[in-house]
Amino acid sequence: MDYSKAEIWLIIVVLGIGTFFLRYSFLGLIGNRALPEWALRYLRYTPVAVLPGLVAPLVLWPSATQGEIDPARLIAAGATVLMGIVTRNTLAAILGGLGALYLCLWLIG
Amino acid sequence: MTDTPRLAPAYWRGFRHGLPFILVIVPFGLLFGVAGTEAGLDLAEVMGFSILVIAGASQFTAVQLMSDHASVIMVLLTSLAVNLRMAMYSASLAPHLGAAPGWQKSLISYFMVDQVYVMSIQDYEARPKQSLGQKMAYYAGVCTPLCPQWYVSTWVGAVIGKAIPPEFALDFAAPITFLAMLSPALRSIPHVAAAGVSVGVALALAWMPSGLGLLIAAGAAMATGAQVELWLNRKRAA
């Protein structure tokens, strides 16, 4: 790693402070005021708007296979979503996904 | 604390809802410890990331870019872009927790990781009659089993990480968590439409600097969800 100790700590501290202010932004600014109905309607979809887009490239192009499509990881992702929709339970979905992943890795290699 | 008895059930409900994520926080933290030391960071620096930043995806991004010899500015901009979604989380929590005193909002902000946010917002929407205190208690409950595990597992990963064989596929712990958090929320047509747009746009814009494409995808997906909800309401009214 070709960074000085000072540069490494600069990265850590600035990233820490910047991340804190992103998290504090609206919470700190808006405070007690009520948001208009249209804004609430948008915000209702925040989790389903962010997480699928965050995860899709990780599923399709996993870094462990240098970005090659990997059947075991694809099947595991499908199993996680299916378990989550059927059981409506996050733990069941995680266990289903990990179970499918290890089963496929063991079968396919 | 006259209202302690009312807060305890909310706290413990949050605690129970947070517990399953230990299964994924631990591998994710281990993996960060391993990745950080393999990139050449010492133990204090690896722990500095997990304690001061406490945002896994951006920590991985930073370490990845540092391994690729990116400039300090690029490392910072890209890693912060990965965390832009947290401004949306902040906006989404504001109607529920905005009335809390400043020091409590600072603590909420520090611990605002994906899992804690998603579980909390789902609980607040499922139980809209909760007081501010109960919402705070639930939030603290979800954090309790999760956030300390992030520090501990990072430390373990940094110290013994290289002994974990790649067959354990720890790399896929994070995607599985995100999918497991999200799929129970696919409960209506607008939610499914928003998720579909999010995936489609994020993949189409994957060539953009990391984090930027996701931000555009999330904006398009939120607009889709809101618009589909409006259409369905109008159809029902007609």
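Of note:
- Among the residues making up region B:204-226, those that are at the interface with another protein chain (Cβ under 9 Å from one of its Cβ atoms), part of a helix (DSSP H, G or I), out of contact with any Leu (no Cβ under 7 Å at 6 or more places or on another chain) and not hydroxyl-bearing (Ser, Thr, Tyr) are B:Ala218, B:Gly219, B:Ala220, B:Ala221, B:Met222, B:Ala223, B:Gly225, B:Ala226.
- Filtered by the rule that a residue be hydroxyl-bearing (Ser, Thr, Tyr) and either within 7 Å of chain B (Cβ to nearest Cβ) or closer than 11 Å to B:Ile176 by Cα (or both), region A:47-102 gives A:Ser63, A:Thr80, A:Thr90.
- 1 or more residues modelled with pLDDT of 95 or more and over 29 Å from B:Ser50 (Cα atoms): qualifying helices (runs of 4 or more DSSP H) within region A:1-88: A:71-87
- Subset of region B:151-174 that is buried (at least 24 other Cβ atoms within 10 Å of the Cβ) and out of contact with any Phe, Trp or Tyr (no Cβ under 8 Å at 6 or more places or on another chain) - its residue that is nearest to A:Val50 (Cα to Cα): B:Phe172
- Among the residues of region B:96-123, those that are surrounded by fewer than 19 Cβ atoms within 10 Å (Cβ to Cβ) and either touching a residue at least 60 places away in the same chain (Cβ under 8 Å) or in a helix (DSSP H, G or I) (or both) comprise B:Gly102, B:Trp103, B:Gln104, B:Ser106, B:Leu107, B:Tyr110, B:Gln122.
- Residue satisfying all of: in region B:182-200; hydroxyl-bearing (Ser, Thr, Tyr) and more than 13 Å from A:Thr46 (Cβ to Cβ); surrounded by the fewest Cβ atoms within 10 Å (Cβ to Cβ) among these: B:Ser188
- Complete set of residues in region A:71-100 that are surrounded by 23 or more Cβ atoms within 10 Å (Cβ to Cβ) and farther than 15 Å from B:Met181 by Cβ: A:Arg73, A:Ala76
- Screening B:Ala81, B:Ala91, B:Ala87 for residues that are surrounded by 19 or more Cβ atoms within 10 Å (Cβ to Cβ), within 15 Å of the chain's Cα centre (by Cα) and within 9 Å of another protein chain (Cβ to nearest Cβ) leaves exactly one candidate, B:Ala91.
- Any hit, region B:128-135, residues being of a type in the set (Lys, Arg), without any contact (Cβ under 8 Å) to a residue 24 or more places away in the chain and more than 7 Å from chain A (Cβ to nearest Cβ): yes
- Residue check, A:Ile17 closer than 25 Å to B:Leu93 by Cα, without any contact (Cβ under 8 Å) to a residue 40 or more places away in the chain and surrounded by fewer than 17 Cβ atoms within 10 Å (Cβ to Cβ): yes
- B:His69 fulfils the conditions (1) on the phi < 0 side of the Ramachandran plot; (2) not in a helix (DSSP H, G or I) except for a single criterion, (1).
- Inter-residue pairs, beta-carbon under 7 Å, first more than 10 Å from every other protein chain (Cβ to nearest Cβ) and in region B:25-47, second not in a helix (DSSP H, G or I), 6+ apart: B:Leu30/B:Ile164; B:Val34/B:Ile164
- Contacts under 8 angstrom Cβ, first residue in region A:77-100 being at positive phi, partner part of a helix (DSSP H, G or I), 6 or more apart: A:Arg88/B:Pro184
- B:Ala91 being free of Cβ contacts under 8 Å to residues at least 60 places away in the same chain and outside any helix (DSSP H, G or I): no
- From the options B:Leu30, B:Leu41, B:Leu19, B:Leu77, residue that is aliphatic (A, V, I, L, M) and at pLDDT below 85: B:Leu77
The values are calculated or read from the model by the stated rules, or taken from the named source; none is laboratory data. Treat the numbers as computed from the prediction; the structure is a model and nothing was measured. No Cβ is skipped: glycine too gets one built from the backbone with ideal geometry, and neighbour counts run over all protein chains shown.
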